Each structure stands twice: as C-alpha cells, then as structure tokens.
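Visitor: Could you have a look at this structure, given as structure tokens, before my questions?
Readers should treat all values here as calculations from the given coordinates under stated rules, not as data from a laboratory. It should be emphasised that the depicted structure is a prediction, and the values quoted were computed from it without experimental measurement. Cβ coordinates were reconstructed from backbone atoms using ideal geometry, including for glycine residues, and neighbour counts include every protein chain displayed.
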Amino acid sequence: MSNELRLAIEAAKKGSEILLKFQNGTENLEIQNKSRFDKVSKADIESENAIIRILESKFPEYNIQSEESGEKIKTSECTWFIDPLCGSNDFIRGFKDFGLSIALVKDGEVIIGVCCLPAQDELYWAEKGQGAFMNGKKISVSKINNLDDSIITTHTSAKGKDLTQALNLIQKIAGHYWKVPGSFPQAVCNLARGLSDIHVEHDVGPIHRLAATIIAVEAGGRASRIDGSESKIFDNEILVTNGLLHDKIVSILK
C-alpha cells in the first residue's frame, strides 16, 4: 500500500466521521441552494475541508479538484479528485446511501481510488494493479454473463439539459431489471463486490466517478464510455460492468 493510498484512506475515514455527526443530528446541518436541484450543506464543506487538510499535510504539492472549493492548481503531475458527499439531497432528507470519494490521478491515469459509505460502515479502496478491497477484504465483480439475469443501475436527473438523454437511456434498458441508487459510490462499489452487474450514467464528472470506477476495474470489471470507446479522465459519462456483459450492454445502448 503506497503512502498516498494510506493517506487517502485516513482522509476518507475523517470525512466519514464528520458526515455521520451531521447525519446523526449531533451537529446543526446548515443548507444552501447551489442551483435549482443541487444543495450544499455544512456537512459537505466540513468533510471536504478535513479531507483536503489531511491530503495536503503530506503532499502539499499535489493539485486538487474538489466538489465545493474547486481547483487548486500547483506544479505536480498528480491531482486529487475529491467528492466529500455524493448524494447530498438524499443525505439532507435522511437517506443512508450517501458516500464520499477520493481519487488520485498521475500523468492522466487514475492510480488510486477510495470510497466510503459511512452509514453502511463500508470502506472501499483500490490501487492500480493491486486489486480492490472492502474493509480490508479483497472483492470481485459478479460472474453473471446473461443480461436477463443482470441487475443494471443508473442515475437519472431532473435537470433540463439531461432529460432527453436520461429518458433515452431508460427506454433502452427498460426491458431489463434496473434500479436507481442513491449515490455513485454506492452503485459502483456494490458492482465491484458483485451485488450488481452494470452501471451506466450520463452527466457524471470525474470528481464523482473516478474513485469508484478504478475500484470496480481492479475488482475485475470493465469501464468505458457508453458507446464502448475508451473512457477519458474528463468525460461526463460512464459505463461500468462486470466485464462479461460489457459488449452485450454496449450493443443495446448504441
């Protein structure tokens, strides 16, 4: 385990501790509207601040891209991507399927991913070439190779710019068993340990998806753009599968 991964795990645990304090009502949850559908709370901000403090304590030269405070561009070839609370609206209403994500990108390649689902007491991590783990135990994707037996997850959006894409996507998977998860880390980390088989989503940027995606890939899965082409760091879409179903679902989504 590299020093970066150890530090990312430490940061994720601290961020999770802060989120649980707010979720359990021991801290006052102040809420602001970022836009019509997006909210940010004191929990998001305090979790992010704590994560950044820990990461910068050992690697102050690394760049940072984070959900609430934006970019800190320095001189390094390494960049931390931080989502301190994925599923903020659900979190505010008391749902338990929120998560947080920390990824490290070096020279345009994701090399570390850490995700935590605090309310489920689940901590996931992966380092490139080293496999994927949940709470210290190695995990792997499912062996399902028939679409009729698969579970597909997706996240749709009420944002006007996404509505047509979202409806088209749902129409294509409507003949299969599918469900909507509460957060990206929940959906893709569940896939990484074999609970589901396919996740497909439009309008999901790198801060939200990089960490969970490398975890799924290191667990034996496969990731690409929705049309099957190579996924890039700054794409805003993703298809993640157990690998066995990848080409089959691509043919449907095309």
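Visitor: Find the Cα radius of gyration of segment 3-139, compare it with 2.2 N^0.38 Å by division, and give the number to two decimals.
Guide: For segment 3-139, the normalised Cα radius of gyration is 1.03.
Visitor: Determine the distance separating the Cα centre of segment 182-202 from the Cα centre of segment 74-104; give it in Å without decimals.
Guide: 15 Å
Visitor: With a 10 Å radius around each residue's Cβ, average the other Cβ atoms per peptide and rank 214-221, 165-172, highest first.
Guide: Packing proxy ranking, top to bottom: 214-221, 165-172.
Visitor: To the nearest 10 degrees, how steeply does helix 163-173 sit against the main Cα axis of the chain, on a 0 to 90 scale?
Guide: That works out to roughly 50 degrees.
Visitor: Another question, if that's okay. I'd like the orientation of helix 206-218 relative to the chain: the angle between its Cα long axis and the longest Cα principal axis, in ° from 0 to 90, rounded to 10.
Guide: For helix 206-218, the angle is close to 60 degrees.
Visitor: Only residues of segment 51-93 count here: report those whose backbone N is under 12 Å from the spot 7 Å along Cα→Cβ of ASN135, or say none.
Guide: None, by backbone N distance to the label point.
Visitor: Angle check, please: helix 3-23 long axis (alpha carbons) against the longest principal axis of the chain (alpha carbons), in degrees 0 to 90, nearest 10.
Guide: 90 degrees
Visitor: Kirkwood hydrodynamic radius, computed over distinct alpha-carbon pairs, for the chain: how many Å, to one decimal?
Guide: The answer is 18.1 Å.
Visitor: From Cα pairs below 8 angstrom and at least 6 apart in sequence, can you work out the relative contact order of the chain, rounded to a whole percent?
Guide: Here the relative contact order equals 17 percent.
Visitor: Only helical DSSP H runs with n ≥ 4 go in: add -39500 (n - 2.57) per run for the chain, normalise by residue count and round the 222 nm mean residue ellipticity to 500 deg cm²/dmol.
Guide: On the way: 7 runs with 85 residues, N = 254.
Rounded to the nearest 500, it is -10500 deg cm²/dmol.
Visitor: Of the peptides 175-186, 144-155, 223-234, 42-53, how do they stack up when ordered by the mean number of other Cβ atoms within 10 Å, highest first?
Guide: By packing density, highest mean first, the sequence is 42-53, 175-186, 144-155, 223-234.
Visitor: State which entries of LYS74/LYS106; LYS13/LYS106; LYS172/LYS248; LYS21/LYS96 exceed 20 angstrom in Cα-Cα distance in the structure shown. Could you put the intermediate results ahead of the total?
Guide: Working: LYS74/LYS106 13 Å; LYS13/LYS106 23 Å; LYS172/LYS248 13 Å; LYS21/LYS96 13 Å.
Pairs exceeding the cut-off: LYS13/LYS106.
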